1. Would you mind getting me the FRET efficiency between A228 and T198? Use the beta-carbon distance for r and R0 = 25 Å, nearest 0.05.
2. Rg to Rh ratio, the chain, alpha-carbon atoms and Kirkwood radius?
3. Do you know the relative contact order of the stretch 134-240, to the nearest whole percent, from alpha carbon pairs under 8 angstrom that are 6+ apart?
4. Could you check the simple spin-label distance between Q92 and E212, using points 7 Å along Cα→Cβ, in nm with one decimal?
5. How high is the relative contact order of the chain, given as a whole-number percent (alpha carbon pairs under 8 Å, six or more residues apart)?
6. Which three extents, in whole angstrom, do the alpha-carbon atoms of the stretch 134-240 cover along their principal axes, largest first?
7. Using 0.36 nm per residue of separation minus the Cα-Cα distance, give me the extension gain between K265 and R81 in nm, one decimal.
8. Just how large is the dipole of the chain about the Cα centre, in debye to the nearest 20, putting +1 at every Lys and Arg Cβ and -1 at every Asp and Glu Cβ?
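Bear in mind that the values in this text are calculations on the coordinates, not laboratory data. Here the structure is a predicted model, which means the values were calculated and not measured. Because the Cβ atoms are built from the backbone with ideal geometry, glycine has one as well, and the counts that use them run over all protein chains shown.
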Amino acid sequence: MSLRKGFTVRNQAFTAPELSAGLYLVSTPIGNLGDITLRALEVLAGCDVIACEDTRTSGVLLKRYGIDRPKVSYTEHNADRRGPDLLRQIEQGSAVALISDAGTPLVSDPGFRLVQEAATKKLPVVPIPGASAPLAAMVGSGLGTDDFRFCGFLPSKKQARENALLELAGSPSTLLFFESPNRLAASLTAMASIFGPTREAVVARELTKMHETFYRGSLESLNREFSAMEKIRGEIVIVVSAAVKSEPDAPDVDAQLVDALRTMKTGQAASQVARTTGLSRQDLYKRALALKGPT
């Protein structure tokens, strides 16, 4: 097998094997540059072109390992123009590596359309597994890994965020969210209100980096902790434990409705309690109206 340009790890030089034509989805570190895999380095060093979310950010990683391959920017803003060109290169026999700024491509990053179009054209698509912030947060949280759901970023608008959380309130899965430092407190406030203040959660911050921290507790306690912080920094993943469904008695259902009605409209309160109890939303709506009394 012929060999071509390689890479360097701790002053030891390696050669990269010739790659067959295809689209290679290469996972990159989410913080600690040592988390790159040898296979990922072989692909990055052996490909014909690297499509980057940001060529400057990716340049730091490539320089660390002595990789000098042609780079192009591929983002949601230039996908219409750059995507067809990358696919054409693959059709002509090139190996194209797609990387995001950090982690696994296509996980809350650009690239989905490119993979979809490559598959439609029956071009090879080759995932190169590696670092993933949601998975790192989940396995470090201790909140359950058998059944989980990645929910990405919540909407920035308050009402849309609450509606999204209402849809997830009764989910039997561990829930994973990306969140920005500026919106963390607002999201935790909404989660405590809609999921319930005692629901267990973990806020994972700066994963794999020097200041990696796992904050553990109930949504209520985490909400208090982060709401009191003057400044929140770093990249964040929120992990929320799965909902535990039970058959509540009538007083318990009424208590849940009364609690929900403090912060929600009647329909929203009925929807939330329906998701957490499995009871009929229509029946709960009627009960909520009765609990509110004449207006």
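1. Values: r = 19 Å, r/R0 = 0.78.
Between A228 and T198 the formula returns 0.80.
2. Numbers: Rg = 23.5 Å, Rh = 21.6 Å.
Taking Rh as the inverse mean 1/r over Cα pairs, Rg/Rh reads 1.09.
3. Details: 183 pairs, mean separation 34.6, N = 107.
Relative contact order comes out at 32 percent.
4. Result: 4.2 nm between the two label points.
5. On the way: 546 pairs, mean separation 45.6, N = 295.
Once divided by the residue count of the chain, the mean separation gives 15 percent.
6. Taking the Cα atoms of the stretch 134-240, the three principal extents are 36, 34, 22 Å.
7. Numbers: separation 184, 0.36 × 184 = 66.24 nm, distance 4.59 nm.
Contour length minus the Cα-Cα distance gives 61.6 nm.
8. Working: 35 positive and 32 negative charges, 111 e Å.
Once rounded to the nearest 20, the dipole reads 540 debye.
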